[in-house]
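Chemist: Below is a structure I'd like to ask you about.
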There are 2 protein chains.
Amino acid sequence: MSNPSAATPQPLTPDEESLVRALGQVMHVLPRAIDADMVGDRQLPLTEYTALMNLSETPDRRMRMNELAALCHLSLSGMTRTIIRLETQGLVRRERCEEDARGSNAVLTDAGFARLQESWPSHLAAVRRRFLQHFEGFDLAQLARAFQRAGTAETTD
Amino acid sequence: MSNPSAATPQPLTPDEESLVRALGQVMHVLPRAIDADMVGDRQLPLTEYTALMNLSETPDRRMRMNELAALCHLSLSGMTRTIIRLETQGLVRRERCEEDARGSNAVLTDAGFARLQESWPSHLAAVRRRFLQHFEGFDLAQLARAFQRAGTAETTD
DNA sequence: AGCCGCTGCTTGATTGGTCAAGCAAATATC
DNA sequence: GATATTTGCTTGACCAATCAAGCAGCGGCT
């Protein structure tokens, strides 16, 4: 091991190590657990839920695909497919954009809104019970800021 | 909407809200970012890296499939496939288990160990830079415990 | 010994995502 | 105002994961 550029990085401290491992576990377990809670209770996979939720938060319940994709942390094509899935369930409709005819708006239908209303409480409960619950004594705002920093990916820099 | 158990949940506080959103972002961005760092530097996707790493930490560099799968947060079939991938690259070998002939051991080859040695520094650097870096003032041990609790999925309870 | 159910892993089918290529509308350039 | 470039989204091909079904070896029971 005499490669100079790769040489002698200090290993993680035990605390760092266990934090990293625990995060790995959480990243894996949490989405499934929340999904499972919702599916059990009121069928709606997390990705689709997120899409509906973001739509519902706009004033007129519609959004351009690219914007929605960004909010859902999805590629544009992933978003297209999610919307198609939702469309076949009648929860969303697509409309050609008026001021720019190559654009589409995903529009939350009444059925979609109703569906979201139904799912919302169980999603909320799942998030509390699976996640927030375990961070009771913490300074959530500070924690949120740290995660925001970590979640802002610099390309490679 | 008259299901009593789902009635009138309190919405999240703004801090809770932003923590949840930020975590969502991190869960999405971090693995890709780390993957990208490693791929760019020393090609080895995260899942495969994790498998090699876990193998390397055993005394004789071998482990039963089920145990390895658990450590990698992977289903047994997912593990089989990952090992197959690694096997075709010569980084791992499979041996039938001596004391129980239906079992397999995944065994880290010398090539695999060397590969891991090569990738290790860039993986470590990525973890530090992408994640740990942002938690400098924090009590990591306390944080780790909270994540451990959150990562321990009660089936539905 | 001989069957039966259990265990450990693999395999087939499906799912939900990615990237790359395609297409149509918009915009810039000449 | 025609042509070239860019933009917004969709589509095709692929990939890594999942679940469910399969199969081989193990072990208990009679």
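Chemist: Filter the range B:30-60 down to the residues that are modelled with pLDDT under 90 and not in a helix (DSSP H, G or I) and list them by number.
Modeler: Listed by number, the residues that qualify are B:Gln43, B:Leu44.
Chemist: Moving on to the next point. Among the residues of the range B:88-105, what is the count of those that are closer than 15 Å to B:Thr50 by Cα, part of a strand (DSSP E or B) and out of contact with any Leu (no Cβ under 6 Å at 6 or more places or on another chain)?
Modeler: 0
Chemist: Go through B:Ile84, B:Ile34 for me and flag whichever is more than 14 Å from chain A (Cβ to nearest Cβ) and β-branched (Val, Ile, Thr).
Modeler: B:Ile84
Chemist: Oh, and also: Show the residue pairs that are 6+ apart or on different chains and have beta-carbon atoms under 7 Å apart, the first residue being within the range A:72-84 and within 6 Å of DNA strand C (Cβ to nearest atom), the second being charged (D, E, K, R).
Modeler: Partner pairs satisfying both residue conditions: A:Thr82/A:Glu48.
Chemist: A:Met63 fails exactly one of the following numbered conditions: (1) closer than 13 Å to A:Trp120 by Cα; (2) away from DNA strand C (no atom under 16 Å from the Cβ); (3) at pLDDT 95 or above. What is the number of that condition?
Modeler: (1)
Chemist: Quick one: would you say A:Ala70 is farther than 28 Å from B:Val29 by Cα and surrounded by fewer than 18 Cβ atoms within 10 Å (Cβ to Cβ)?
Modeler: no
Chemist: Filter the range A:104-151 down to residues that are at the interface with chain B (Cβ under 7 Å from one of its Cβ atoms), closer than 18 Å to B:Ser18 by Cβ and touching a residue at least 24 places away in the same chain (Cβ under 8 Å), then give me how many there are.
Modeler: Total meeting the criteria: 3.
Chemist: Among the residues of the range B:74-120, write down those that are more than 21 Å from the chain's Cα centre (by Cα), surrounded by 13 or more Cβ atoms within 10 Å (Cβ to Cβ) and within 14 Å of DNA strand D (Cβ to nearest atom).
Modeler: Matches in the range B:74-120: B:Cys97, B:Gly103, B:Ser104.
Chemist: Follow-up question, since we're still on this one. For the list (1) in a helix (DSSP H, G or I); (2) under 27 Å from A:Val127 (Cβ atoms); (3) more than 16 Å from DNA strand C (Cβ to nearest atom), I need the number of the one condition that B:Gly137 fails.
Modeler: Answer for B:Gly137: the failing condition is (1).
Chemist: Another question, if that's okay. In the range B:40-66, what residues are more than 10 Å from chain A (Cβ to nearest Cβ) and over 16 Å from the mean Cα position of the chain (by Cα)? Spell out the reasoning first.
Modeler: Residues of the range B:40-66 more than 10 Å from chain A (Cβ to nearest Cβ): B:43-45, B:47-49, B:51-66.
Within the range B:40-66, B:Gln43, B:Thr58, B:Pro59, B:Asp60, B:Arg61, B:Arg62, B:Met63, B:Arg64 meet the criteria.
Chemist: Considering the range A:38-61 alone, what residues qualify as being open to solvent by less than 20 Å² (accessible area, probe 1.4 Å) and touching a residue at least 60 places away in the same chain (Cβ under 8 Å)?
Modeler: A:Met38, A:Leu44, A:Tyr49, A:Leu52
Chemist: Related question: Could you tell me whether B:Arg64 is within 11 Å of DNA strand D (Cβ to nearest atom) and either within 20 Å of B:Cys97 (Cβ to Cβ) or open to solvent by less than 20 Å² (accessible area, probe 1.4 Å) (or both)?
Modeler: No.
The values are calculated or read from the model by the stated rules, or taken from the named source; none is laboratory data. Here the structure is a predicted model, which is why all the values come from computation and not from measurement. Every residue, glycine as well, gets a Cβ built from its backbone with ideal geometry; the counts of neighbours run over all protein chains shown. What goes into the accessible areas is simple: the full protein's heavy atoms, side chains included, and nothing from ligands, DNA or RNA. Shrake-Rupley method; radii C 1.70, N 1.55, O 1.52, S 1.80 Å.
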